[in-house]
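What follows is calculated from the coordinates using simple rules that are stated; it is not laboratory data. The structure displayed is predicted, hence computed values, not measured ones. Quick reminder, even Gly has a Cβ in these numbers, built from the backbone with ideal geometry, and neighbours come from all protein chains shown.
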């Protein structure tokens, strides 16, 4: 069965509180990543590579940068007369109804209902992964599942600001028990926010939850469904980074400095697409030094860069030392500056001779457009 029998939905705003340092002026899905991408690029590209030709991007607030990045969807081959890409912002009287999963699906029910696809793939932009959703749909159909949810066996976060949802599986990978915020588990099968469900069943579940004033995905949809429906798990193969904090965001970027991670995420069979900004090649000064870093075009590097992610248009002046940092687009790092474990959002200006140092578990984050 072709991937075109799936409708894709990307929920872009539910994670804004996870990384407030980077989402005051943008939605979570448009956070820059990996020197040239945005987080939503992975979900969008995975859907397109899986043959999904109709995708709804559900927004709520701060979505101007997201719309500017995606545009008509041309970079993902989604600019078409039938199907393609649709932005689903809140209507004037439904802003409050976009606060939870159930309310959001109920608010866009007309869009879903007017789609011819039998299955709905619901995803967020939390996961940096390259995966084939067609294989997930095949497993869903083969197991005669009502709901199939992605998961990874991984350490359970103890200091999370959101619900940690884990489940137990039987030998057939059917979910037998769902736990929320378990206190006595070190590692478990943790839910990754991607699921496949039949469209008619999605409407039934959402209608029932709305009539009972139950709105959350984990407590009101998944946990009760284990007893009523066939809920199966689908383990994500290969590399997957779940972005749920500034620490996990920093680590996922640093992982790209490993060649094995880059080869797995960015391969020719299933490319990750993004909006292309043409720029001149990066210029390196005579006394510059760069090691184990990703450098985008359009930069001017006259200082030292080590173990860092450098976006387009960045200027690093003479004598500056940048190590273990993420420097986003069009930042200006002054002379004789020392930065270590620092995240600079776009258009940051760091004056000469400044010294900023964090640690890997708590990087310093400088907000967009700031002058230090």
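Against the chain, whose longest principal axis is taken from its Cα atoms, helix 40-49 shows a tilt of about 60°. Of 244, 170, 330, the residue with the greatest mean-square motion in the GNM of the chain, using alpha carbon springs below 10 Å, is 170. If a spin label sat at a point 7 angstrom from the Cα of residue 336 along the line to its beta carbon, the backbone N atoms of the range 291-323 nearer than 13 Å would be those of 318-321. Taking other Cβ atoms within 10 Å as a rough exposure proxy, 278, 332 sort from fewest to most as 278, 332.
Can you figure out the FRET efficiency of residue 109 with residue 268, using R₀ = 41 Å and their beta-carbon distance, to the nearest 0.05?
Working: r = 39 Å, r/R0 = 0.94.
For residue 109 and residue 268, the calculated efficiency is 0.60.
Taking 155, 20, 297 in turn, the Gaussian network model of the chain (Cα-Cα springs below 10 Å) assigns the largest fluctuation to 155.
What number, rounded to the nearest 500 deg cm²/dmol, is the helix-based mean residue ellipticity at 222 nm of the chain, given -39500 (n - 2.57) per DSSP H run of at least four residues and division by all its residues? Present the calculation step by step, with values, prior to reporting the outcome.
Values: 9 runs with 75 residues, N = 372.
Rounded to the nearest 500, the figure is -5500 deg cm²/dmol.
Packing around the peptides 359-369, 247-257, 221-231, 299-309, taken as the average count of other Cβ atoms within 10 Å per residue, puts them in this order, highest first: 299-309, 247-257, 221-231, 359-369. Oblate is the label for the range 147-235, because a/c, from the alpha-carbon gyration tensor with a ≥ b ≥ c as root eigenvalues, is 1.5 or above and a/b does not exceed b/c. For the chain, the longest principal axis of the alpha carbon atoms and the long axis of helix 199-211 meet at an angle near 90°. Dividing the radius of gyration of the alpha carbons in the range 3-265 by their Kirkwood radius gives 0.93 for Rg/Rh. The C-alpha atoms of the chain define a longest principal axis, and helix 246-255 lies at about 70 degrees to it.
According to the Kirkwood relation over distinct C-alpha pairs, the hydrodynamic radius of the range 3-139 is 15.2 Å.
Within a 10 angstrom radius of the beta carbon, how do 183, 26, 219 rank from fewest other beta carbons to most?
Working: 183 7, 26 21, 219 14.
Sorted ascending by nearby Cβ count, the order is 183, 219, 26.
Take 29-36, 142-149 and order them by the average number of nearby Cβ atoms within 10 Å per residue, most first; the result is 29-36, 142-149. GNM on the chain, alpha-carbon springs under 10 angstrom: the most fluctuating residue among 114, 140, 69 is 114.
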